[in-house]
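The block underneath contains the structure these notes are about, expressed in structure tokens.
Quick note: the coordinates plus some simple rules give every number you see, no bench work behind them. Since this is a predicted model, take the numbers as computed values, not measurements. Heads up, the Cβs are rebuilt from the backbone with ideal geometry, glycines too, and the neighbour counts pull from every protein chain shown.
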């Protein structure tokens, strides 16, 4: 029998269940709903719940602990181990997939390092892709957004969440094409998706990866 991680009662009329990016199960129920009714509902939905939890947990995402030593961080889709050391600057051991962090303010240092590298990589890739697509864009910036991977403004400025750096290169390429396509089409019309498909024919698969790994938005 599946067990909910949380039961939230409120002034609602129906029962609903939700499974977050880490496989945690939340039940939302009316104020008057009994535990017996809730668990009967969970038994009815058990197969679906277990399937979804397996998908979420299979994404292999875990939140960083307080002590970052030994934590494995996805970087361009590949796992890298964080090691704390008595050093002054962040050191990247590309060959052995390790990131050495100063012990002091380690969380602040890794976020700054990620943002700096995200800005460098995304700027270069956006410039290269824009030339291939024959489009122009405004400024490129990187922020800490948790609600979107990338955004193209009305003036064609493009903002990326630094957390996009966790994704594989091919998924990053899709997001860049997606935002650049918005310089032509300020909506998600058929014409927009046709433009995306010209450069990313398997865009649906890459968008599916982003949805499955939505928990990455919570990492740092």
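Note down the relative contact order for segment 6-58 as a percent, whole number, built from C-alpha pairs under 8 angstrom at least six residues apart.
38
With each label point set 7 Å from Cα along the Cα-Cβ vector, what nm distance links residue 7 and residue 31?
Each label point is offset 7 Å from its Cα along the Cβ direction, giving 1.7 nm.
Label-point separation (nm) for residue 51 and residue 169, each offset 7 Å from Cα along Cα-to-Cβ?
With each label placed 7 Å out from Cα toward Cβ, I get 3.6 nm.
Using 0.36 nm times the number of residues separating residue 155 and residue 43, minus their current alpha carbon distance, what extension gain do you get?
35.2 nm
Restricted to Cα positions, what overall size does segment 107-218 have along the principal axes? Three whole-Å values, descending.
42, 29, 21
How far, in nm, would the chain grow between residue 69 and residue 139 when pulled straight, counting 0.36 nm per residue and subtracting the alpha carbon separation?
Taking 0.36 nm per residue and subtracting the Cα distance, the gain is 21.6 nm.
Taking only the Cα atoms of segment 5-104, how large is their convex hull per residue, in Å³?
Dividing the Cα hull volume of segment 5-104 by its residue count gives 138 Å³.
Report the label-to-label distance for residue 209 and residue 187 in nanometres (one decimal), using points 7 Å from each Cα along the Cα→Cβ vector.
3.0
Using only the alpha-carbon atoms, how far is helix 46-58 inclined from the longest principal axis of the chain? Give it as 0 to 90 degrees, nearest 10.
30
In deg cm²/dmol, rounded to 500, what helix-only [θ] at 222 nm does the chain give when every DSSP H run of at least 4 residues adds -39500 (n - 2.57) and the total is split over its residues?
-12500 deg cm²/dmol, from helical runs alone.
Relative to the longest principal Cα axis of the chain, at what angle does helix 106-133 sit, 0 to 90 degrees, rounded to 10?
So the inclination is approximately 60 degrees.
Taking 8 Å as the Cα distance limit and 6 or more residues as the minimum spacing, I'd like the relative contact order of the chain as a percentage.
Details: 318 pairs, mean separation 35.8, N = 220.
So the answer I get is 16 percent.
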